[in-house]
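Worksheet for the structure shown next.
The values are calculated or read from the model by the stated rules, or taken from the named source; none is laboratory data. For clarity, every value in this text was computed on a predicted model and none was experimentally measured. Virtual Cβ from ideal backbone geometry, glycine too; neighbours counted across all protein chains shown.
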């Protein structure tokens, strides 16, 4: 097994150990140094009152993808999101949400990452949210 | 029934119409002009791999409380969160999370709100996250 | 001289050592553990094309007040702003801007602070911007 | 004169009408639909006490570049920054700062933009800050 496959397998074990991610049904579709992709097959219980995916589910996906991307670029095993900001751009609707996060900067004490969240409807991807945040090592961070 | 009770009842109907909020089990514990409080009785499936409430659940609560607070201060019926930023301060652990949001500024086209999220453990509240965001009327907004 | 006066005097020496703050004419009007207040006597060269104080000057004031507040709550001598977010609420106009920052959370590796910026016109204060950000110790931080 | 040159000329007239931008010495080096670039030739009075460009000057540049980019994508003449978030990544040092902003999403009521700020030292560009924000039309916005 390659290192890349190792990293993806490790990432998937972490995701499977997050009961909240299991509740929502997120999948880690790509994970390599500096980059992570999470997917969510949209279900009825992900929606809000207008029939779109709830902002909270979109935020969860962005937050978690940011953490994965940052974690791939920081030393040590555990990392957490220190903070992030998200702009919702369009109603999130379709079959699948895809969150693609990448590292903009990584030092010893933090990684700053971006994440775009796309909604896939009838096979067409549309950007529906974009986020930027800071990932820090566990222990060096307050959370 | 007073207007205040009317507003709370209306807010609860909206929450009950959000399948994602029902999935997570959030409750609207206070809702009046300029202010909203959401609660989450912490369950095992809200957690991440270290046993704390997942950041995604904390974010959901903050985002939704911001939307309620902003909605109480804007004209018209429908509102959405345009954007927000959240800082995680401490691991969220305990029996209950409480998100308290209030309006800092409200005009015709936006309300800017703050939200503090507290974790209640053994009856003691600790601030575990803080957020700031923009709520906009539906239609006047892209989402 | 009291400790409180010492801290204010120290803060003013730091401000005087920032050529950019001297260029803009900012003054540190209060500085104590957990709290800082910066003022800017509005000049013609602080404005933008509509006659209001330029957002960049408002941001500068918020950023710097956040750094002071955070610095008062972190160990060690040097701190920097790691990140912040600002919402502009109203046009900033009047004789003076006042940025009031306070610490929401302080640990060893970061302080999370808020700052409200008020514009004083004919003696009346109006909230014109609000910010939230993270301050980190120099050295532990990338900047 | 081409439309592109027209837009750049218009943008430069707006910048020249901002006394704060004149005070700082910013130049608009590129401006076309969806994209803007501002430059700042670093001077001694842009610095903070450690000899790096003050965060307030970096923020100003990012904020203003975001506004230009958003303005190029929104209908009507006047726009303002509604909110933005910035992460400082590295000390800003060198001869020149360059802020490059682009539009991620533009609707009728808002444009969401990103901006990377680079410091050029001995001819080498280094990313020193990154920002994300919302630009809104004047009048439709509170500011």
I'd like the full set of residues that are assigned to a loop (DSSP other than H, G, I, E, B) and in contact with a helix residue (DSSP H, G or I) (Cβ under 8 Å, 6 or more places away or on another chain), limited to region A:59-77. A:72
Do you know which residues across region A:2-19 are part of a helix (DSSP H, G or I), surrounded by fewer than 16 Cβ atoms within 10 Å (Cβ to Cβ) and out of contact with any strand residue (DSSP E or B) (no Cβ under 7 Å at 6 or more places or on another chain)? A:3, A:5, A:6, A:9, A:10, A:13, A:16
For region D:20-53: of the residues being surrounded by fewer than 15 Cβ atoms within 10 Å (Cβ to Cβ) and more than 15 Å from the chain's Cα centre (by Cα), which is nearest to the other protein chains (Cβ to nearest Cβ)? D:44
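Residue-by-condition table, conditions (1) in contact with a helix residue (DSSP H, G or I) (Cβ under 8 Å, 6 or more places away or on another chain); (2) surrounded by fewer than 24 Cβ atoms within 10 Å (Cβ to Cβ); (3) away from chain D (no Cβ under 14 Å):
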site	(1), (2), (3)
C:85	no, no, no
C:98	no, yes, yes
C:108	no, yes, yes
C:126	no, yes, no
Flag if residue C:56 is without any contact (Cβ under 8 Å) to a residue 40 or more places away in the chain, touching a helix residue (DSSP H, G or I) at 6+ places or on another chain (Cβ under 7 Å), closer than 24 Å to residue A:84 by Cα and within 14 Å of chain D (Cβ to nearest Cβ): yes
Considering only region D:10-17, I want to know if a residue exists there that is in contact with a helix residue (DSSP H, G or I) (Cβ under 6 Å, 6 or more places away or on another chain), within 14 Å of chain C (Cβ to nearest Cβ), modelled with pLDDT of 95 or more and within 14 Å of residue C:19 (Cβ to Cβ). no
Only one of these conditions is not met by residue A:89: (1) more than 9 Å from every other protein chain (Cβ to nearest Cβ); (2) in contact (Cβ under 8 Å) with a residue 12 or more places away in the chain. Which number is it? (1)
For region B:28-53, the count of residues that are over 14 Å from residue B:67 (Cα atoms) and in contact (Cβ under 8 Å) with a residue 12 or more places away in the chain equals 11
Can you name every residue in region B:110-124 that is surrounded by fewer than 24 Cβ atoms within 10 Å (Cβ to Cβ) and either within 12 Å of residue B:34 (Cα to Cα) or within 13 Å of chain A (Cβ to nearest Cβ) (or both)? B:114
